[in-house]
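Everything below concerns the one structure shown next.
The values are calculated or read from the model by the stated rules, or taken from the named source; none is laboratory data. Predicted model, so just to flag it, every value in this text is computed and none were measured. Because the Cβ atoms are built from the backbone with ideal geometry, glycine has one as well, and the counts that use them run over all protein chains shown. Heavy atoms of the whole protein, side chains included, go into the accessibility calculation; ligands, DNA and RNA do not. Shrake-Rupley method; radii C 1.70, N 1.55, O 1.52, S 1.80 Å.
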Amino acid sequence: MNGVERIRRPHVLFGYDGTQRNDAALRWAVEEARRRELDLVICHCWHWPYASGHEDPDTEAILKRAGENILARGVRRARELGAPVVRRRLMRGPVDEALVRASGTAELTVIGSGEEPDEGAPELEVPAKAPRPVIVVPDGEKRPRRVVAGTDATESCDPVLAFAFGEAALRGWDLHVVYGCWEPASVEEHEWALFTDRELLEKTRTAELEDAVAPWRERHPDIEVTVSLLLERPLEALAEAADGAGLLVLGDRGTGFDPLGATSSAMLRRSSLPVAIIPGRRSRE
């Protein structure tokens, strides 16, 4: 079996930048690999910052060698944290493009996040473009043992519920499924009347939510599940629920210029806890 074939084995991909703030994300990636019984592939991306035609082979060799040294340090750290099988992958950047390419063969990708990432940062670009789930992990302390999943109770959210229930089962955590249903601008015309009758809206959406969650309850009877329907906008509902969470799981509801959707983008920017983005649309393209 050659190196390329080995790297295609089911694995957790981790984007390593060598900084101290990246350590929390590395811990999360090691834990994911261990619990899922998968290899951990640590990826570091080096980047020649100038336009083509301005190459300097000697300087490029130095940059690449520095990347190899950073990658080796990451592998050593992963083994210290208890990763059973660690593989390495050095790629030429830019970082977001390289990680998106590499994520196509991964079961899951984990990356770190700084405070309030800027537009175009890898922690926003990779979840927006990767074809497989991505977890963005900020630096931080130990968090509550609870997964929070955001849903709109439609079939398109099934991948979100599947991932959230699976993650709760792997970690032995409770699960809180949240539906902020006050979205009058996003529904079909025949549902507009619901927003003139709050009691009817609550009754209708509660039934939809229970129907969406029921199959996953049956598959995971040991998970303690709380289901909340809130007559609030999704961002407000999720921001409140996230205060008691160790992981937030969201889908991609956007199109065009914002493939994640406004809610997922906002939570990635402001959240102080790990956020998993599950690509329901992109995974089916």
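Listing for the model above:
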read-out	value
Test for Arg65: is it under 30 Å from Gly172 (Cα atoms) and open to solvent by 50 Å² or more (accessible area, probe 1.4 Å)	no
Test: Ala214 is modelled with pLDDT under 90, out of contact with any strand residue (DSSP E or B) (no Cβ under 8 Å at 6 or more places or on another chain) and of a type in the set (A, V, I, L, M, F, W, C)	no
Pairs where the first residue, in region 224-252, is more than 15 Å from Cys181 (Cα to Cα) and the second is surrounded by fewer than 18 Cβ atoms within 10 Å (Cβ to Cβ) and charged (D, E, K, R), C-beta under 7 Å, 6+ apart	Val225/Arg217; Gly246/Arg143; Gly246/Arg145; Asp252/Arg281; Asp252/Arg282
Candidates Leu40, Leu13, Leu81 - the one that is modelled with pLDDT of 95 or more, out of contact with any strand residue (DSSP E or B) (no Cβ under 7 Å at 6 or more places or on another chain), within 22 Å of Pro138 (Cβ to Cβ) and open to solvent by less than 60 Å² (accessible area, probe 1.4 Å)	Leu81
Filter result for Ser264 (polar (S, T, N, Q) and either open to solvent by 30 Å² or more (accessible area, probe 1.4 Å) or over 23 Å from the mean Cα position of the chain (by Cα) (or both))	no
Residue within region 109-117 that is touching a residue at least 40 places away in the same chain (Cβ under 8 Å), on the phi < 0 side of the Ramachandran plot and either open to solvent by 20 Å² or more (accessible area, probe 1.4 Å) or in contact with a Cys (Cβ under 7 Å, 6 or more places away or on another chain) (or both) present	yes
